[in-house]
Amino acid sequence: MLTTLASVLRTRYFATGTPADLADAVVWFERAVQHDGRSARALGTPGVALSEFFGCTGSVRDLRRPEECLRESLAGTDARSPERPARLAHLASVLADRYVHEGRNALDEAVALYTEAERAAPPGSPEHAAHSSGLGTVLLTRHECQGDLADLREAVRAHERAATSPGPERDDEALYLDQWGRVCG
């Protein structure tokens, strides 16, 4: 029930844009973790909500807790679990955000996590395309940081895979094509 309340508050945040709803959702997700134990599922959802909360606040301190939750969640996720690719990608995204916002260089780990997520997601699925796009974006960031042309070439390939994937919906396709254009432009 705690997770349900948290999920409804998170949904209301997306519908209204009221940051207090997301803050309340985080509180209830944390209570659910304390109540339900530290299962991979119990930790993964608050980790995602906490990273979304960072998107609202922009406060770097709000990035540390999602990384902890997501690392714990991933450690408790079986390698064959259908939830593993998403958990890998969420952690990779948080690590990339930490680089952008506090200079903590975890880009190599983010690339490795996105690569694993892309390989583990079903080919042709929207998730596969999203992980390809995430990989391309973090490779582009690493190229911009380190100047390695191999990263730029791989970023283009990853965005090509995302843009030409048969799985994404039309709205997602526009996003992937836009991101691919950013790499090429």
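The values are calculated or read from the model by the stated rules, or taken from the named source; none is laboratory data. All of these numbers come straight from a predicted model, not from anything done at the bench. As a convention, Cβ positions derive from the backbone with ideal geometry for all residues, glycine included, and neighbour counts pool all protein chains shown. Just the protein is used for accessible areas: all its heavy atoms, side chains included, with ligands, DNA and RNA removed. Shrake-Rupley method; radii C 1.70, N 1.55, O 1.52, S 1.80 Å.
One residue stands out in the stretch 124-151 among those that are among the small types (Gly, Ala, Ser) and in contact with a Gly (Cβ under 6 Å, 6 or more places away or on another chain): the one that is surrounded by the fewest Cβ atoms within 10 Å (Cβ to Cβ), namely Gly124. In the stretch 119-140, the residues that are at positive phi reach residues that are not small (Gly, Ala, Ser) with C-beta atoms within less than 7 angstrom, at least six apart or across chains, in these pairs: Gly124/Pro166. I need every pair where a residue in the stretch 66-79 that is more than 10 Å from Leu91 (Cβ to Cβ) and free of Cβ contacts under 8 Å to residues at least 60 places away in the same chain has its Cβ under 9 Å from the Cβ of a residue that is open to solvent by 50 Å² or more (accessible area, probe 1.4 Å) and outside any loop (DSSP other than H, G, I, E, B), sequence separation at least 6 or different chains. Hits for this filter: Gly76/Arg41; Thr77/Arg41; Ala79/Ala120. So for the stretch 54-74 (the condition being within 26 Å of Leu107 (Cα to Cα), among the acidic types (Asp, Glu), modelled with pLDDT of 70 or more and open to solvent by less than 60 Å² (accessible area, probe 1.4 Å)), does at least one residue qualify? Looking through the stretch 54-74, at least one residue is within 26 Å of Leu107 (Cα to Cα), among the acidic types (Asp, Glu), modelled with pLDDT of 70 or more and open to solvent by less than 60 Å² (accessible area, probe 1.4 Å). Residues of the stretch 78-107 that are of a type in the set (Gly, Ala, Ser) and assigned to a helix (DSSP H, G or I): Ala86, Ala89, Ala92, Ser93, Ala96. Checked against (1) surrounded by fewer than 23 Cβ atoms within 10 Å (Cβ to Cβ); (2) in contact with a helix residue (DSSP H, G or I) (Cβ under 6 Å, 6 or more places away or on another chain), Ala121 passes all but a single condition, namely (1). Flag not set for Thr137, criterion: assigned to a helix (DSSP H, G or I), within 29 Å of Val26 (Cβ to Cβ), among the β-branched types (Val, Ile, Thr) and more than 13 Å from the chain's Cα centre (by Cα).
Here's the yes/no breakdown for (1) modelled with pLDDT of 75 or more; (2) out of contact with any Phe, Trp or Tyr (no Cβ under 6 Å at 6 or more places or on another chain):
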position: Ser7; (1), (2): no, yes
position: Arg12; (1), (2): yes, yes
position: Gly17; (1), (2): yes, yes
position: Ala20; (1), (2): yes, yes
position: Val26; (1), (2): no, no
position: Phe29; (1), (2): no, yes
position: Gln34; (1), (2): no, yes
position: Arg38; (1), (2): no, yes
position: Arg41; (1), (2): no, yes
